[in-house]
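Have a look at the structure below before the remarks.
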Amino acid sequence: MLNRFQFSRLRAFRFGGRKSAAGARRDERSADANGLATSETVRDSWEGDERVARLLARRAAAKESHRNGAIERLGERVSASGAVAATAAPVAPARARTSHAGVASTVETPRTSPEGGVQTARSRQAAESTARRGAGAAVGTSSARVVCIASGKGGTGKSVLASNLAILWAQQGERVLLVDFDAGLANAHLLLGLAPPYDVGHVMEGQVTAREALVEGPHGLKLLAGGVGRQVMVDPTRRELDRLFKALRPLEDDFDLIIIDHGAGLSYSTVAHLAATSTLILVTNHEVTALSDGYALYKRAHMVNPALRVGLVVNRAPDERIAMDAWERFRFASHKFLGHTPELIGWIPADLAIPQAVQMRKPAALSYPDCAAVKSMKRVADWPPIDHARSAQPFYERARRALR
Ligand SMILES: Nc1ncnc2c1ncn2[C@@H]1O[C@H](COP(=O)(O)OP(=O)(O)O)[C@@H](O)[C@H]1O
Ligand SMILES: [Mg+2]
């Protein structure tokens, strides 16, 4: 850090005479009296001097690193280890699947296998996924794709979207794990109509293994429930999170897709996930409060993980015009202040079928599969980055590294 006194000393050096500290201070005082010696004016008068330029650069760097707090360093640690950026695994799209949106659809016709048998779409997917796992193991990649679902503000519809996406993907033959990581306020099990005996808190405390804590839901999807009212999940320490991530690591070998439903906001555990994942679905509503909190989360996510693919979903919008207006505001603010924007995945209309499905504890994808909201969710499920949501090293190993 260069103070005014040091600037004066430098000035003295420049004019050839080494002044005493007191002399330099006297110069400073008289310059101050004339309104001349602010660091700005000193800086101007020293333009072109290499030593001063170097000192100024060092000072700016010190300021910058001071501004970046512990959370920002999470991302640095991960990318410094080469884990996230630029190392997206060179894997083929996850599967050839029928597009919900009717765009780029791959028709699932039975194919004759080399052995002469008929491969069904499902067995082909299983074979493809096995091949992918093999390829992943060969280059040390994780086998599961991991998608985080988060929002700045609570109640935007993350859990509704996460549970329905999990079902939509499971319906297509994917081995899906839904992890409810809403610290202490979990409800994905309610949305799916399940009553799990164990949750992520039990895994964190070492009472059961991660595999033992899973419960089966519709279409064979598995749920790792979150803790309801459990203090241990509200504010876990770094050591507890590390133990949990280590315990969850084996699950990556058992699934094709892991969807992580986060609590609202920027808890330490959410940021650790964001530093490690390659793909984030950011859920917002059209209200200014939800947009503003969503922007804050997007900004932080990009800070800890510049390579992150972020897709925005405007949920529960009254109509398309309002949804697009909200997107435009988000896009404008992030472009203006951050210089980059997320991608728009789409919007989901406010639909009475959703609260009715919640009440019935049967996700809308099953209870009202043709309702407008589910149709839009199907388009979210088709967002292409989900097919590539994988990095060179296993997700939970990167998350653990982010904590160090
Ligand atoms: N598209 C929608 N249309 C109508 N209601 C919705 C929609 N999405 C979510 N909701 C309602 O919002 C409530 C909160 O959703 P939830 O997924 O629990 O939010 P979060 O997980 O973000 O806190 C749900 O109980 C549901 O009834
Ligand atoms: Mg939720």
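What to note about this one:
- Residue in the range 268-284 that is surrounded by fewer than 23 Cβ atoms within 10 Å (Cβ to Cβ) and not in a helix (DSSP H, G or I) present: yes
- Enumeration of residues in the range 354-378 that are touching an Asp or Glu at 6+ places or on another chain (Cβ under 9 Å) and either more than 22 Å from ARG321 (Cα to Cα) or in a helix (DSSP H, G or I) (or both): ALA364, TYR368, ALA372, ALA373, VAL374, SER376
- Among the residues of the range 382-404, those identified as in a helix (DSSP H, G or I), surrounded by fewer than 24 Cβ atoms within 10 Å (Cβ to Cβ) and among the basic types (Lys, Arg) are ARG400, ARG401.
- Residue among ALA389, ALA365 that is touching a strand residue (DSSP E or B) at 6+ places or on another chain (Cβ under 8 Å) and within 22 Å of TRP169 (Cα to Cα): ALA389
- Scanning the range 228-262 for residues that are within 16 Å of ligand 2 (Cβ to nearest atom) and modelled with pLDDT under 90 yields VAL228, GLY229, ARG230, MET233, VAL234.
This table checks each residue for (1) closer than 20 Å to LEU192 by Cα; (2) in contact with a Gly (Cβ under 8 Å, 6 or more places away or on another chain); (3) buried (at least 22 other Cβ atoms within 10 Å of the Cβ); (4) assigned by TED's automatic domain parsing to the domain that holds GLN172.
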residue: PHE330; (1), (2), (3), (4): no, yes, yes, yes
residue: LEU338; (1), (2), (3), (4): no, no, no, yes
residue: LEU352; (1), (2), (3), (4): yes, no, no, yes
residue: ALA357; (1), (2), (3), (4): yes, no, yes, yes
residue: LEU366; (1), (2), (3), (4): yes, no, no, yes
residue: PRO369; (1), (2), (3), (4): yes, no, no, yes
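- Failed condition for ASP319, given (1) surrounded by fewer than 17 Cβ atoms within 10 Å (Cβ to Cβ); (2) within 18 Å of THR156 (Cβ to Cβ); (3) away from ligand 1 (no atom under 16 Å from the Cβ): (3)
- Boolean, SER376 is at pLDDT 95 or above, crowded, with 22+ Cβ neighbours inside 10 Å and among the small types (Gly, Ala, Ser): yes
- Any pair with Cβ under 6 angstrom, 6 or more apart, that starts in the range 261-276 at a residue that is away from ligand 1 (no atom under 14 Å from the Cβ) and ends at one that is modelled with pLDDT of 90 or more and assigned to a loop (DSSP other than H, G, I, E, B): LEU274/ASN305; ALA275/ASN305
- Checking each residue in the range 160-182 for being part of a loop (DSSP other than H, G, I, E, B) and within 16 Å of ligand 2 (Cβ to nearest atom) picks out only ASP182.
- Residues satisfying the stated conditions in the range 151-183, i.e. of a type in the set (Val, Ile, Thr) and within 13 Å of ligand 1 (Cβ to nearest atom): THR156, VAL160
The values are calculated or read from the model by the stated rules, or taken from the named source; none is laboratory data. Small disclaimer: the values here were computed from a predicted structure and weren't measured. Note that each Cβ is placed from the backbone with ideal geometry, even for glycine, and that neighbours are counted across all protein chains shown.
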